[in-house]
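This report concerns only the one structure given below.
The values are calculated or read from the model by the stated rules, or taken from the named source; none is laboratory data. This is a predicted model, so every value here is computed, not measured. Here Cβ is always computed from backbone atoms with ideal geometry, including for glycine, and neighbour counts include all displayed protein chains. We work out accessible area using only protein heavy atoms, side chains counted, and drop any ligands, DNA or RNA first. Shrake-Rupley method; radii C 1.70, N 1.55, O 1.52, S 1.80 Å.
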Amino acid sequence: MSQTFTKDDPKRMLQERQHKMTPQRQVVLELLSELGILQKMEFGDGCSRYEVNRTDPSKHHHHHLICTNCGKVIEFQDDLLEPLEEDIKEKLGFTVSDHQVKFFGLCKECQEAQK
C-alpha cells in the first residue's frame, strides 16, 4: 500500500529536524510529482496529498474511499474497471492508460457514531 501524506507533512517533518520548507524544497516536491515519483491526489477537501508512486506504470493505481465526515482516506486495490476499459477500447478505439476512482461516503466509525 502506498504511503499518503498531505502537503503539510513534509513541512512538519522538516521542522522536526530543525529545517524549513523553502521555496526550493516545494519546487522539488512538485517536480517529483511531475516526474511520476510522487502522485498528487485531490480529495475535494482543498488539501493536496502526495503518494509515493511505487506502482508499475503499466498497471493501475489503487483507489480511495474518502469519509465525508472525518476525512479519513482508505485505500483499496481491487481493479473492477478492467472490463469497462476493455469495452471502451473495443467500442471506441480508446486505450485507457490509467484511471483514478474516488468513492465518497461515511467510514465504519462515523456510521457507528451516528447510531
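Looking only at residues that are surrounded by 13 or more Cβ atoms within 10 Å (Cβ to Cβ) and within 20 Å of Leu38 (Cβ to Cβ) in segment 58-73, which one is modelled with the lowest pLDDT?
Across segment 58-73, the extreme among qualifying residues is His60.
Please work out which residue is farthest from Tyr50 (Cα to Cα), limiting yourself to segment 86-102 and to residues that are modelled with pLDDT under 90 and not aliphatic (A, V, I, L, M).
Out of the qualifying residues, it is Ser97.
Which members of segment 22-36 meet the condition of being over 14 Å from Tyr50 (Cα atoms) and under 22 Å from the mean Cα position of the chain (by Cα)?
Selection gives Arg25 alone.
Somewhere in segment 39-46, is a residue more than 11 Å from the chain's Cα centre (by Cα), exposed (fewer than 14 other Cβ atoms within 10 Å of the Cβ), under 30 Å from Lys108 (Cα atoms) and modelled with pLDDT of 85 or more?
no
State which residue pairs qualify: first residue modelled with pLDDT of 80 or more and in a loop (DSSP other than H, G, I, E, B) and inside segment 1-23, second residue open to solvent by less than 50 Å² (accessible area, probe 1.4 Å) and not charged (D, E, K, R) in any location, beta carbons under 7 Å apart, and separation of 6 or more residues or different chains.
Once the first residue is modelled with pLDDT of 80 or more and in a loop (DSSP other than H, G, I, E, B) and sits in segment 1-23, its partners that are open to solvent by less than 50 Å² (accessible area, probe 1.4 Å) and not charged (D, E, K, R) give Lys20/Leu14.
Name the residues in segment 78-115 that are open to solvent by 50 Å² or more (accessible area, probe 1.4 Å), touching a residue at least 24 places away in the same chain (Cβ under 8 Å) and either closer than 19 Å to His63 by Cβ or among the β-branched types (Val, Ile, Thr) (or both), would you?
Passing the criteria: Asp98, Gln100, Lys102, Phe103, Phe104, Leu106.
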